[in-house]
Amino acid sequence: MSQSETMPVRVETEGEIGLICLNNPPVNALGAALRQGLSDAIDTLNADPQIRVIAIHGEGRALSAGADIREFGKPPVEPRLPDVLDRIEASDKPVIAVVHGTTLGGGLELALSCHARIGLPGARVGLPEVTLGLLPGAGGTQRLPRLIALDKAIDIISSGRQVPIDEAKELGIVDRIDDATPREAALAGAKAVRDGSLPTRRTAEISVDLDPALIEAATERLRKKRPALAAPIKAVEAVAQIAKPFAEGLKAERALFMELMDSPDRQGLIHAFNAERAVKRIPEAQAEPRKIETAGVIGGGTMGVGIATALLQAGIPVTLIEMAPERAEAAKAAVTRNLDGAVKRGKMTAEGRDKALAALTATTKLESLAPVDLVIEAVFEEMSVKAEIFGKLDRICKAGAVLGTNTSYLDVNAIAEMTSRPQDVIGLHFFSPAHVMRLLEVVVADKTAPEVVATAWALAARMKKVAVRSGVCDGFIGNRILAHYRKAADYMLLDGASFEQIDRALEDFGFAMGPFAVGDLAGLDIGWATRKRKAPDRPPEERYVTIADRICENGWFGRKTGRGYYLYDDPKTRKPNPDAVAIVEAERKAAGVTPREFSDEDITARYMTAMISEAARVVQEGVAQRPVDVDAVFLFGYGFPRHLGGPLNYADRIGPKALIERIEAYASEDAHYWQIPPLLRELADTGRSFADLNKD
Ligand code: T1G
């Protein structure tokens with residue numbers, strides 16, 4: 001007996017075995033219809049006298065990826081998942097689950113509420129709720145510690161990490177692994193229950209001891225993390241409820257879950273989850289991507305080596321071009337070091353590394369790029385150098401080759417015009433280290449062909465990058481906005497805040513590093529070169545802070561020279577460079593500034609208002625398609641606090657009117673810098689939000 005394919009839950013019977021099949025593409029999310037279907041199926045099979053064993057399995061890529069994220073923040077719809085799972089666990093007849101694919105959150109909790117579990121090879125399980133600002137709210141915090149060691153349960157629940165099925169078997173999350181299809185494994189498992197070779201038990205009835213020391217240690221560790229997010233700490237608090245009788249523990253878990261459901265962190269983290277998927281929606285999504293089977297990278301510097309590494313890790317053979325044989329060799333050695341690092345970090349196997357290295361050719365011969373499908377130029381940021389290279393590529397490369405430039409701010413339209421094939425030219429702006437940072441700004445020039453854009457998206461997916469579509473302007477999305485809000489930090493430094501206070505305030509706000517520490521890390525000479533490049537176009541009314549220039553004139557570029565704003569002789573500490581402090585004081589005096597106090601809140605408010613203002617202009621001008629695209633750039637390329645969801649998601653928490661009031665107040669100090677972006681005015685006047693613009 002089976003029902004129509006469209007139902008999210010199908011019931012089949014095979015003799016004494018009842019099969020429940022979840023079929024709610026793409027990931028069997030446990031939405032309301034599926035929950036109702038599952039509840040009905042359990043009742044039907046429990047009521048069927050012929051049925052002795054029930055087995056639950058899933059169609060498609062996984063048993064289930066958990067609760068339906070799209071339901072969060074909306075009024076709950078019955079039946080609630082915890083109730084459905086409690087019904088499964090209370091079933092008189094044994095119920096088993098087959099776990100396949102990436103089964104997460106409520107999907108794993110569904111399996112934990114069954115009386116035995118079978119895993120398929122390659123499956124991964126986890127409770128990633130804390131990464132969404134939540135905690136396992138359907139019994140996971142009460143059932144997992146009853147099946148596996150408490151310290152392991154705390155680790156899995158508080159980290160949200162995925163557990164490969166072999167480890168899951170070892171820990172006791174699944175009882176056996178069966179190399180079969182989900183349906184075959186369900187049938188075989190049910191038969192094993194019937195013949196007694198697969199024992200079953202209700203998880204709730206397994207006794208468990210709470211070790212308070214483990215709870216305290218985990219809580220202490222999580223409190224020390226920066227930022228100390230609420231969800232992991234509350235998830236550990238929920239685990240501690242196992243000291244209570246099961247039903248009371250479930251109630252306590254539910255209460256803690258609901259607290260988190262209402263938290264701004266949950267909104268921000270789910271916005272960040274959705275942002276990574278929203279940016280895939282581009283006008284060129286329907287175009288047919290070109291096949292990329294081989295690639296060339298020009299330039300064996302930090303970026304070129306990082307990009308070559310990332311391409312090789314994606315399984316794409318690379319021809320790396322450098323100007324001289326010894327530089328080509330040095331570049332190859334640098335790629336080797338990157339790949340060895342990936343092996344050490346467990347991101348790659350040793351054989352994977354060897355295969356990648358075998359696919360790398362380092363040479364000085366530009367003509368060896370003739371047959372490649374894709375070229376990525378990563379040479380010195382000088383238009384004349386790029387013009388020469390693209391002119392040569394135009395003559396050397398085969399028809400249809402995609403010609404990418406990794407420029408971080410230069411005009412991609414101008415670069416495209418250096419060739420007879422502007423339709424094949426596109427900006428592929430990677431972020432350093434290119435084989436680690438997930439963001440890829442795809443800069444679409446006026447004549448870039450739609451299939452070339454689609455090719456960039458296909459390439460980004462293979463490289464596990466988050467591609468964001470950008471129009472052409474100086475700095476594209478991220479660096480243009482950075483150039484603006486960095487000035488706010490420099491103005492506060494000149495006006496009285498120390499660079500140490502500014503960095504600390506923004507790190508307390510949630511940034512991994514403050515702007516001055518970031519500058520030291522990236523190299524202060526990069527910003528110095530940009531300021532010199534922009535000097536001729538700098539408007540006379542712009543307030544210019546010379547502190548960073550003075551530091552650079554001493555050859556202090558940050559970590560790479562052992563000192564910048566901070567001293568780097570002791571890697572464990574971050575001490576201000578006294579010479580930099582002296583330069584700040586001297587520049588204040590020279591500028592006739594009387595230093596004034598800034599509170600940490602004021603520092604953060606100014607910094608974020610500046611970032612939001614320029615982000616609003618970038619959206620208004622269409623450089624970014626939507627506010628969520630700007631959020632993705634900052635979440636995946638600039639260490640923006642993930643729980644805040646990105647600059648424009650965060651802007652909606654402040655509201656356009658309050659932002660305008662701030663700008664008006666600051667404008668009294670500097671009317672040129674603090675201007676109200678028209679889009680902010682429009683949102684204030686219409687009562688709309690940046691979130692509304694994402695839906696347009
Ligand atoms: N709900 C709704 N849609 C989901 C979803 C989910 N849980 N997971 C994925 N999707 C959509 C996704 O938006 C995309 O849609 C498509 O499926 C393919 O996803 C009670 C409360 C499973 C590892 O956190 O981590 O259970 O953009 O592109 O790269 O305690 O999706 O194509 O329209 O990401 O192969 C806990 C979240 C929920 C898992 C697959 N579960 N998902 O990755 O495909 S909270 C999660 C993922 C919960 C309970 C609590 C990944 C994936 P579209 P994709 P993928």
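First check a/c for the range 1-135, with a ≥ b ≥ c the square roots of the eigenvalues of its C-alpha gyration tensor; if it is under 1.5, answer rounded, and if not, answer prolate when a/b is larger than b/c or oblate otherwise. Prolate, since a/c reaches 1.5 and a/b exceeds b/c. Treating the Cα atoms of the range 2-261 as identical point scatterers in vacuum, please give the log10 of the normalised Debye intensity I(q)/I(0) at q = 0.07, 0.08, 0.11 Å⁻¹, two decimals. One equal scatterer on each Cα of the range 2-261 leads to -0.21, -0.28, -0.54. Rolling a 1.4 angstrom probe over the range 2-261 with all protein chains present gives an accessible area of which 53% lies on carbon and sulfur atoms.
Taken along its principal axes, the alpha carbon cloud of the chain reaches lengths of 87, 61, 53 Å, longest axis first. Full extension of the chain segment joining K532 with T336 gains 67.1 nm, where the gain is 0.36 nm per residue of separation less the Cα-Cα distance. Charge dipole of the range 391-541 (Cα centre as origin; +1 on each Lys and Arg Cβ, -1 on each Asp and Glu Cβ, all else neutral): 660 debye, rounded to the nearest 20. The long axis of helix 524-534 is offset from the longest Cα principal axis of the chain by roughly 60 degrees. Counting only protein heavy atoms and a 1.4 Å probe, the range 82-143 has 18 square angstrom of accessible area per residue.
Candidates T448, V9, L127 compared by Cα position along the dipole of the chain: farthest toward the positive end lies T448, with charges placed on Cβ. Looking at the range 295-470, the accessible area is 39 square angstrom per residue; that uses a 1.4 Å probe and ignores ligands, DNA and RNA. The distance between label points at A667 and A228 comes to 4.1 nm (points 7 Å beyond Cα on the Cα→Cβ vector).
Applying 1/(1 + (r/R0)^6) with r as the Cβ-Cβ distance of E388 and D446 and R0 = 22 angstrom yields a FRET efficiency of 0.50. Normalised radius of gyration (Cα atoms, divided by 2.2 N^0.38 Å) for the range 295-470: 0.95.
Taking a straight line from the alpha carbon of K347, these lysines sit under 19 Å away, with near neighbours fewer than eight places off in the same chain left out: K355, K464, K465. Normalising the average separation of contacting C-alpha pairs (under 8 angstrom, six or more residues apart) by the number of residues puts the relative contact order of the chain at 9 percent. Compared with the alpha-carbon gap, the fully stretched path from E14 to M513 is longer by 173.7 nm at 0.36 nm per residue.
Each part gets one Cα centre, and for the range 131-185 versus the range 78-125 those centres are 10 Å apart.
Round to a whole angstrom and tell me the spacing of the C-alpha centers of the range 352-392 and the range 441-474. A separation of 19 Å, based on Cα centres. The distance between label points at E585 and D83 comes to 6.9 nm (points 7 Å beyond Cα on the Cα→Cβ vector). Other residues with beta-carbon under 12 Å from the beta-carbon of G304 carry, at +1 per Lys or Arg and -1 per Asp or Glu, a net charge of 0. Of the residues H271, L357, Q36, the one whose Cα sits farthest toward the positive end of the charge dipole of the chain, with +1 on the Cβ of Lys and Arg and -1 on the Cβ of Asp and Glu, is L357.
At R0 = 56 Å, how high is the FRET efficiency between E621 and D211 if r is their beta carbon distance? Nearest 0.05 is fine. Working from the Cβ atoms, E equals 0.45. Counting only protein heavy atoms and a probe of 1.4 Å, the accessible surface of the range 295-470 is 57% carbon and sulfur. Relative to the dominant Cα principal axis of the chain, helix 150-159 is inclined by about 40°. Averaged per residue, the range 478-695 has 42 square angstrom of accessible surface, using a 1.4 angstrom probe with ligands and nucleic acids left out. In degrees, nearest 10, range 0 to 90: what is the angle between the Cα axis of helix 450-462 and the longest Cα principal axis of the chain? Taking the Cα atoms of the chain, the angle to 450-462 is about 60 degrees. Each Cα pair under 8 Å and six or more residues apart adds its separation to the average, and for the range 436-591 the resulting relative contact order is 16 percent. With kT/(6 pi eta Rh) evaluated at 10 °C and eta = 1.306 mPa s, and Rh the Kirkwood radius from Cα pairs, the range 478-695 diffuses with a coefficient of 88 µm²/s according to Stokes-Einstein.
The values are calculated or read from the model by the stated rules, or taken from the named source; none is laboratory data. Only a predicted model underlies this, so the values are computations on that prediction, with no experimental measurement involved. Ideal geometry is used to build each Cβ from the backbone, glycine not excepted, and the neighbour counts take in all protein chains shown. Heavy atoms of the whole protein, side chains included, go into the accessibility calculation; ligands, DNA and RNA do not. Shrake-Rupley method; radii C 1.70, N 1.55, O 1.52, S 1.80 Å.
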